[in-house]
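The values are calculated or read from the model by the stated rules, or taken from the named source; none is laboratory data. Since the model is a prediction, treat every value here as computed from it, not as a measurement. All Cβ positions, glycine included, derive from the backbone under ideal geometry; neighbour counts span all protein chains shown.
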Amino acid sequence: MFIFLIIVITIIAIIMTFLVLIQAGKGGGLAGIAAGGATTQILGARQAPDVLEKATWVLAALFIVLCILTNFAIDTGEQQRSILQQQSTQQGTQPLAPLPEGAEGAQPAPAPAPDEQN
């Protein structure tokens, strides 16, 4: 499911990029592509920018929603184990307990001295 969502997001991004590049900042754009006003005959004088703008907004909203949904589709099935833990499991020994964060190379604290009573 995750791979499918990533592919759909990529396709939407490519189409949205194309739509943004077709649009013009201030006039022109799609109306200037076809010579002789063929675009005006097909989409109308003002309808072309409106359709492109609405399509861009719809694709942008769909893009954001799919990006959020993709986070829920990430496989969180099995926790990653270290190579040492995998080898000890294969050999039948007890796997090593993970070290707490920041404890790499740290030596254990000395045992406290017993209380002296007189």
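The residue of the range 67-83 that is farthest from Ile11 (Cα to Cα), among those that are at pLDDT below 85 and surrounded by 11 or more Cβ atoms within 10 Å (Cβ to Cβ), is Ser82.
Please tell me if Ile12 is under 30 Å from Met1 (Cβ atoms) and either surrounded by 15 or more Cβ atoms within 10 Å (Cβ to Cβ) or at pLDDT 95 or above (or both).
Numbers: under 30 Å from Met1 (Cβ atoms): yes; either surrounded by 15 or more Cβ atoms within 10 Å (Cβ to Cβ) or at pLDDT 95 or above (or both): yes.
Yes: the conditions hold for Ile12.
Given the criteria at pLDDT 65 or above, closer than 20 Å to Met1 by Cβ and part of a loop (DSSP other than H, G, I, E, B), does Ile64 qualify? No.
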